[in-house]
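Below: the structure, in structure tokens.
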Amino acid sequence: MVWEVFRGKTTEKRIRNSQSELARKNHVIIETPCHILCGHDDIITCLYVSHELDIIISGSKDGTCVFHTLREGRYVRSLRHPSGSPITKLVVSQRGQIVIYADDDLSLHLYSINGKYLAASESNGRLNAVQLSRCGEFLVGAGDQRQIVVRSMYTLEVVKKYQGVGKVMTSLAVTPEECFLAGTKDGSLLVYSIENPQIRKTSHNKNTKSKLT
């Protein structure tokens with residue numbers, strides 16, 4: 001479901017319930033959704049929304065990704081995982097590259113925004129978290145393999161690996177400075193500083209080609 005949100009100063013309204021009192025001043029969510037999008041035969045597991053690309057992409061346990069336009073809610077196309085595995089994770093760059101991942105076959109698959117199949121790669125272990133670098137040119141993944149793996153968003157080739165000191169990683173974030181923050185299964189937080197002026201420059205200039213070293 002897609003709801004429209006109006007932003008701007010409004011009269012303060014307080015919502016009371018048994019536990020808390022919340023104030024809403026700066027936005028109003030319209031009660032009725034503007035779009036109800038259909039197309040899957042099973043539970044939706046992941047979602048991507050882009051106002052710039054005017055697209056909503058949903059991944060499902062039925063092994064498909066369904067594309068709709070954001071503004072009109074119009075169906076565009078569907079992609080099916082090559083082996084029909086349930087889609088676990090979905091990452092989309094602002095350039096329109098789409099990567100899907102499935103726990104069942106531990107594989108990554110790369111598509112264009114037009115649905116063209118571009119590349120595939122084995123993840124060599126379960127991925128618990130997948131993020132884009134800030135420049136959008138690299139896919140950063142972490143999981144049961146106890147390391148952070150950086151791949152090209154153009155080919156899915158491994159560019160760099162960062163060891164996780166023997167810890168299973170359960171969550172991952174990429175900062176604006178292209179540092180990696182990884183949460184581990186035992187409650188630790190690992191911080192990786194990427195001392196690479198070239199990729200840092202790419203974060204500010206997305207038209208510049210870069211390489212992780």
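The values are calculated or read from the model by the stated rules, or taken from the named source; none is laboratory data. Only a predicted model underlies this, so the values are computations on that prediction, with no experimental measurement involved. Cβ coordinates were reconstructed from backbone atoms using ideal geometry, including for glycine residues, and neighbour counts include every protein chain displayed. For accessibility, only protein heavy atoms count, side chains too; no ligands or nucleic acids. Shrake-Rupley method; radii C 1.70, N 1.55, O 1.52, S 1.80 Å.
Taking packing as the residue-averaged number of other Cβ atoms within 10 angstrom, the listed peptides 109-118, 71-80 run from highest to lowest as 109-118, 71-80.
For Gly63, the residues whose modelled amide H falls within less than 5 Å of its own, excluding neighbours fewer than 5 places apart on the same chain, are Ile87.
What percentage of the solvent-accessible surface of the range 40-143, computed with a 1.4 Å probe over protein heavy atoms, is contributed by carbon and sulfur atoms? Show your work: numbers first, answer last.
Numbers: 2140 of 4490 Å².
Of all accessible area on the range 40-143, carbon and sulfur atoms account for 48 percent.
Ranked by the mean number of other Cβ atoms within 10 Å per residue, highest first, peptides 177-189, 138-150, 86-98 order as 138-150, 86-98, 177-189. For Phe138, the residues whose modelled amide H falls within less than 5 Å of its own, excluding neighbours fewer than 5 places apart on the same chain, are Ser133, Met153.
Rounded to the nearest whole Hz, the Karplus-based 3J(HN,Hα) values (6.51 cos²θ - 1.76 cosθ + 1.60, θ = phi - 60°) of the range 165-173 follow the sequence 6, x, 10, 6, 9, 10, 8, 8, 9, with x at glycine and proline. Each label point was placed 7 Å from the Cα along the Cα-to-Cβ direction; for Glu122 and Thr175 their separation is 3.5 nm. Between Lys160 and His35, the contour length at 0.36 nm per residue exceeds the Cα-Cα span by 40.9 nm. The H on the amide N of Ala129, modeled in the peptide plane, is under 5 Å from the matching H of Ala142, each at least 5 residues off or on a different chain. Pairs from the list Lys89/Lys160; Lys89/Lys167; Lys116/Lys161 with a Cα-Cα gap above 24 Å: Lys116/Lys161. Take each peptide in 160-172, 119-131, 35-47, count the other Cβ atoms within 10 Å of every residue, and average; sorted highest first, the result is 119-131, 160-172, 35-47.
For the range 51-144, what is the charge dipole size about the Cα centre, in debye to the nearest 20, if Lys and Arg each add +1 at the Cβ and Asp and Glu each add -1 at the Cβ? Intermediate values should be presented prior to the final figure.
Numbers: 10 positive and 10 negative charges, 56 e Å.
Dipole size: approximately 280 debye.
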